[in-house]
Structures are given as structure tokens and as C-alpha cells.
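Could you have a look at this structure, given as C-alpha cells, before my questions?
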Amino acid sequence: MIDNRNVKGGPTPADEAIGAPLPYPEGWFCVGTAAQLRRTPVVTRRIAGRDVVVHRTRRGVVRATDPYCPHLGAHLGTAGRVAGEALVCGFHGFAFAADGACVRTGYADRTPPAARLGQWPVCERGGLVFVWFSPDGSPPSWEPPALSQQGFPLTAVRCQVLPGHPQDVAENAVDIGHLAVFHKFYGIEVVEPITFEGPHLHARYRWKQRFPLIGTRSVEYRTSVSGLGYILVNAEVPQLGLRARMWAMATPTAPWRIEFRFATSISATRTRQGSAVTGLATATLSRVLTRAALLIVSPEATRDVPIWSTKTYLEHPRLVRGDGPIGKFRHWAGQFYADN
């Protein structure tokens, strides 16, 4: 399920007036879900002021390419279609293979060797599709951790377009101070020290919060951040037999402009192993809970959106004890900018 809210084009005049105190970072950025590409095989997304065309081939391979056909410049997000493993421009029938080479045209006997379609690196995690972007065109030097989807249904996603930057969203993962003040969580514990390992950081928290219908529960959250565009939070509620995955992902589309996606996937634990009936019921319950979680959890998870939309970036913040390792986070974040 996808809930697109306020998905618009480029920045507004007000956004452009703000300016961009932080440049585009490199990394993996979410462009949608695998399920969406099954329904609409060719889609256009925007990363760092550039269009990228994302499509799924007949065999199920996801590819991302430059938007314009190298023949006469037709936009493949408009004129493109999938034919087997090739992306075909509907304007003149030029077809491009997985490596970007032109393999046939709509009428000519020979294909022009120079007619190659630029490719963007792609990966899938938990039913979500990510495209690698680097301002200087560098290839990926790392990937988000692999995920097994066993027991987890397709993700439910809500997307919003707003002013902001991926670093502000990722900084929330270590901003302990705002959890009690802004989100009203209590009994907050840092179960394990926050660690920074190459392009990844890991945090483990426990706090109490109130949920609709089930009341107050103590929940442990294991947060993994990969780059500035991928935040995965794993949580377990053993009393209810539930495992939850929640993603917060910011994709830069223009200077100081992001698409923010919040996604959920809930797995209900089986009560009897080996029972087909129980397995079917559990899978159905997991799908229902995944959609319910998007509606129930996302209002709290996206409470920060108005803050991100209107805040400014302070290069030298006046930090206090209890903030969390903001300084260490920003030093870690510096690796994702070309100048560093």
C-alpha cells in the first residue's frame, strides 16, 4: 500500500529563497516500493535535481536509467515501456539492454554503437527500492544491510514532499533529547552505546509509550542508519507476539527539498508451527497489522515533519548534556559529501 501525500514537482519560490546550507550527499535513496513497480512497470523519480527512470523487467529485475533516449531525446518515463528484459522507447522503438546498450531499433537494420543509456545502481531492501546517487558519479562503495522478508508482508508506505535535507532526518536517530520533550516518550534508556561503523551507525533504545487499544507498553527499538537516506528501526513486542520494521527515508529532490517516506512492515508470530491454517491466518493478520501500523504509528513518526520543514541548519549548535552524540553524528555524516 502506498499513500502519497503532497507529492509535487520541484522546489517552490519560498524553498529556493531559503538556500541550501548543506550540499547533496551521496548514498542510497528510496524511490518507491517493489510492489509499485509491479503495477506500474516504468516510473520517473527525481534525485538531486535529476530525473531517473525506474522499471522492472519481465524477470523481475529492477533497473534505473538516465531519463532521455540517446537517439532523439524522448523521455523514457513518458515514452518508455518494458519488453522482456529491455526498456523500449516508444517514440522510435529503440530498445536498451541491462547494460545500457542499444540492442535494436524500430526500423533500422543496425544499431548505433554510441547509443547507450546511462545506468544507475539499484538495490532492494525489505520490498523497498533504492537508487545510488553520488554528486561526482562515483560507484557504490557500500550497501544497506541485507534483509530477509520471511514472515514480513509487503511494506506500507506514506510519502510527503517538504523542504529539508536528509541529514536533518538522519540526525533524529541520535537526538535523544527530543524523544521525551517532543514525542512524550518516558523511561528512555540507551540500552547499548551508539556506535559509528563506516557508513553505518547503530543505536538501541528502550522506552515506554502509549498505543491505541493496547495501552502503554515498554518497547525496545534497534535503529540502524546507512548513509543519510536509510533509517531502519526494528522493534519487538513479545507480549503481543509482534515484530515490527519501520523505515524513515529522505530522498533529496532539489536544493533543500526532500521526499520523505515512512514505511512499516509487521510480522505476527505463529502460535502453532506447521499449521497451514495458522500460517495463512498469521500472514493475513500481518498484512492487516502492517496497514494499521502505517495509520497508527506514522502520525507520531512524522510529527517532526513541520520542524524539518521550517528549521535551519546551525553549523555550530550550542549543545548540552542529554542531547545525544550530535557532534559525533555530524562528523560521521561528513563522509557522504564529495568535498570531504
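The values are calculated or read from the model by the stated rules, or taken from the named source; none is laboratory data. Because the structure is predicted, anything quoted here is derived from the model rather than measured. Every residue, glycine as well, gets a Cβ built from its backbone with ideal geometry; the counts of neighbours run over all protein chains shown. SASA here: full protein model, heavy atoms, side chains in, ligands and nucleic acids out. Shrake-Rupley method; radii C 1.70, N 1.55, O 1.52, S 1.80 Å.
Suppose we keep only residues that are more than 24 Å from the chain's Cα centre (by Cα) and surrounded by 15 or more Cβ atoms within 10 Å (Cβ to Cβ) within the stretch 284-323. Which one would you say is modelled with the lowest pLDDT?
Step one: filter the stretch 284-323 for residues more than 24 Å from the chain's Cα centre (by Cα), giving 284-285, 314-323.
Next cut, surrounded by 15 or more Cβ atoms within 10 Å (Cβ to Cβ) only: 285, 323.
On the way: LEU285: 84, ASP323: 94.
So, considering only residues that are more than 24 Å from the chain's Cα centre (by Cα) and surrounded by 15 or more Cβ atoms within 10 Å (Cβ to Cβ), the one modelled with the lowest pLDDT is LEU285.
Out of the stretch 126-140, which residues are in contact (Cβ under 8 Å) with a residue 40 or more places away in the chain and open to solvent by 20 Å² or more (accessible area, probe 1.4 Å)? If you could, list the steps in order and put the result at the bottom.
First pass over the stretch 126-140, keeping only residues in contact (Cβ under 8 Å) with a residue 40 or more places away in the chain: 126-136, 138, 140.
Those that are in contact (Cβ under 8 Å) with a residue 40 or more places away in the chain and open to solvent by 20 Å² or more (accessible area, probe 1.4 Å): PRO135, ASP136, SER138, PRO140.
Let me ask something else about it. From the list ALA83, ALA101, pick out the single residue that is farther than 13 Å from HIS55 by Cβ and not acidic (Asp, Glu).
ALA101
Here is a list of conditions, (1) open to solvent by 30 Å² or more (accessible area, probe 1.4 Å); (2) modelled with pLDDT of 95 or more; (3) out of contact with any helix residue (DSSP H, G or I) (no Cβ under 8 Å at 6 or more places or on another chain), and ALA95 meets all of them except one; can you say which number that is?
For ALA95, the exception is condition (1).
Give the residue that is modelled with the highest pLDDT, with candidates limited to residues of the stretch 196-218 that are among the polar types (S, T, N, Q) and surrounded by 12 or more Cβ atoms within 10 Å (Cβ to Cβ).
Among them, the one singled out is SER218.
Are any residues in the stretch 141-171 of a type in the set (D, E, K, R) and open to solvent by 30 Å² or more (accessible area, probe 1.4 Å), and if so, which ones?
Passing the criteria: only GLU143.
On to the next question. Could you tell me whether the stretch 238-251 includes any residue that is of a type in the set (Val, Ile, Thr) and either farther than 19 Å from GLN209 by Cβ or at pLDDT 85 or above (or both)?
yes
Cβ-Cβ distance below 7 Å, separation of 6 or more or different chains: which pairs start in the stretch 286-303 with a residue that is within 13 Å of MET246 (Cα to Cα) and part of a helix (DSSP H, G or I) and end on one that is small (Gly, Ala, Ser) and open to solvent by less than 70 Å² (accessible area, probe 1.4 Å)?
What qualifies is LEU289/ALA268; THR290/ALA156; THR290/SER265; ARG291/ALA156; ALA293/ALA244; LEU294/ALA156; ALA301/ALA248.
Between a residue in the stretch 172-184 that is open to solvent by 40 Å² or more (accessible area, probe 1.4 Å) and any residue that is of a type in the set (Ser, Thr, Tyr), which pairs come within a Cβ distance under 8 Å, given they are 6 or more apart or on different chains?
ALA180/TYR186
Output the qualifying pairs, or none if there are none: Cβ atoms under 8 angstrom, residues six or more apart or on different chains, first residue in the stretch 65-78 and under 11 Å from PHE91 (Cα atoms), second residue surrounded by fewer than 18 Cβ atoms within 10 Å (Cβ to Cβ) and of a type in the set (D, E, K, R).
HIS75/ASP51
Which of the residues belonging to the stretch 185-195 are open to solvent by less than 40 Å² (accessible area, probe 1.4 Å) and either without any contact (Cβ under 8 Å) to a residue 24 or more places away in the chain or under 27 Å from THR290 (Cβ atoms) (or both)?
Result: PHE185, single match.
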